[in-house]
Amino acid sequence: MFDTLTERLTQSLRNVTGSGQLTEDNIKDTLREVRMALLEADVALPVTREFIAKVKEEALGQEVMTQLSPGQAFVKIVYDELTKMMGEANESLDLAAKPPVVVLLAGLQGAGKTTTAAKLARYLKERQKKKVMTVSADVYRPAAIKQLETVSNEVGAEFIHSEATEKPIDIVNRAIEQAKIKFADVLIVDTAGRLHIDDDMMGEIKELHAAVKPTETLFVVDAMTGQDAANTAKAFNDALPLTGVILTKTDGDARGGAALSVRAITGKPIKFLGMGEKLDALEPFHPERVAQRILGMGDVLSLVEEVERKIDKEKAEKMAKKLQKGGSFNFEDMLMQFEQMNKMGGMMGFLDKLPGMSNAGIQNAIEQANPEKQIKKMEAIIQSMTIKERRNPDLMNPSRKKRIAAGCGMDVAEVNKLIKQHAQMAKMMKKFANPSGMAKMMRSLGGLQKQFGGGGGMGPLFGNNDKK
Ligand SMILES: Nc1nc2c(ncn2[C@@H]2O[C@H](COP(=O)(O)OP(=O)(O)OP(=O)(O)O)[C@@H](O)[C@H]2O)c(=O)[nH]1
Ligand SMILES: [Mg+2]
């Protein structure tokens, strides 16, 4: 996928990499080339227009970043906007609902629904350790039911029999009962394909949807149809709210217009990509990875990474230097720590990288405490402070606290809690502000594990005393 787009984009981006300063004039040609490249990839016109407008706005409104050349900054902007266009981050299936979680697959004829049903079953079984059952409500095409049985057997998903003489609704209701009895986690429902999105198809699937109330309603669509894929998904979504889209046959699609258009046109996330006929050829959709792929794995990507590393490193070094010189750890620094943590994939991603922290019990405890939410709250409080306050924690007094609390819609008690947490972090930072600090920091983080064992929650910073 994206071969031609990649080639064209890298070429045009290389041109801007050399230039002096980003101005309306010198990005004009490159923007035109990027626009052509997107249209050739069969990205829908309105999506392309909006993309170009945003890149232009960002490029011209760029704050001067000393660590970036204008060309680097431009590439970074294109990368960020590409990622945003596809939805920022991977959205997975909602498997938290009461089992059996029903996943309804819909789509046009030959889109790949039946194949995808088996692929998804395999994926959930192997990667998420779920007990998955499948059922076919396709009573129209001869052998459709048999086809699902065959592929289900191949992936080791339990197939629930149905007959072409039954009504789709009856089949599905019966299947749900069976899935309950057998304690299945997930029930995947394959449906009949139609030639077009017509009233018959919508009527039947609406009826099914109403009767079954699936947790996930996924539209399966052939990527090779380009921007049409996005348009059919939209037509479907207008009649019946989708929870996501699965793009199939991306292995045969050199252009990539569907992947780039679906999110912008439907507002719904692409959740998976089908990448081949084999039943293991299904991958979760990660916008940032796809953006990386589009920009090529070569020089452009490493450039983007280097830029991000530079920005982070510069900030981290500045803080370390300040602390070493006896400066204090202020709210601004605290905010930056949170940002860095988010970049590492949040608290969970961060802990995953630490030795000894992969234990399921610990992970559960952390998930319960919901550190992501706590961090968001703390970030909001700091953002509600003035710059002066962020740099001078000593300024805090009752009236300031009251104003800050009002500014972020929280209680003064929450602000007090943040201040306490800040003081604790500042103390810790002081200890680590010497060359061997990082090693010590790691060891002390390792020590958190013990705190969990004792049931004491995650220390002062991530106490779970106010989970909602
Ligand atoms: N190359 C490739 N082929 C795929 C992919 N997904 C499905 N196919 C093929 O597409 C064809 C149709 O797939 P099905 O799963 O039968 O499609 P369907 O939507 O169930 O079709 P109907 O039930 O007739 O509406 C089959 O030959 C599949 O092997 C994919 O990701 N890549
Ligand atoms: Mg089918």
Practice prompt. From Gly356, Gly326, grab the single residue that is modelled with pLDDT of 65 or more, loosely packed, with under 14 Cβ neighbours inside 10 Å and not in a helix (DSSP H, G or I).
Written response: Gly326
Worksheet entry | Selection from the stretch 112-136 of residues that are away from ligand 2 (no atom under 16 Å from the Cβ) and either without any contact (Cβ under 8 Å) to a residue 60 or more places away in the chain or outside any helix (DSSP H, G or I) (or both) | Lys125, Glu126, Arg127, Gln128, Lys129, Lys130, Lys131, Val132, Met133
Practice prompt. Look at the stretch 204-215 and say how many of its residues are of a type outside the set (A, V, I, L, M, F, W, C) and within 16 Å of Ala233 (Cα to Cα).
Written response: 1
Discussion item. Being within 11 Å of ligand 1 (Cβ to nearest atom), of a type in the set (A, V, I, L, M, F, W, C) and either surrounded by fewer than 23 Cβ atoms within 10 Å (Cβ to Cβ) or not assigned by the TED database to the domain that holds Val220 (or both) is the filter here; which residues of the stretch 113-144 pass it?
Written reply: Ala143, Ala144
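Here is a yes/no grid of residues against (1) within 13 Å of ligand 1 (Cβ to nearest atom); (2) buried (at least 23 other Cβ atoms within 10 Å of the Cβ); (3) assigned to a loop (DSSP other than H, G, I, E, B):
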position	(1), (2), (3)
Val262	no, yes, no
Lys268	no, yes, yes
Phe272	yes, yes, no
Glu283	yes, no, no
Discussion item. Regarding the stretch 142-151, can at least one residue be identified that is assigned to a loop (DSSP other than H, G, I, E, B), over 20 Å from Leu124 (Cα atoms) and within 16 Å of ligand 2 (Cβ to nearest atom)?
Written reply: yes
Discussion item. Being aliphatic (A, V, I, L, M) and within 24 Å of Ala258 (Cα to Cα): is that true of Leu208 here?
Written reply: no
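The values are calculated or read from the model by the stated rules, or taken from the named source; none is laboratory data. Quick caveat, the model's predicted, so the values are computed rather than measured. Note that we place each Cβ from the backbone using ideal geometry, even for glycine, and neighbour counts take in every protein chain shown.
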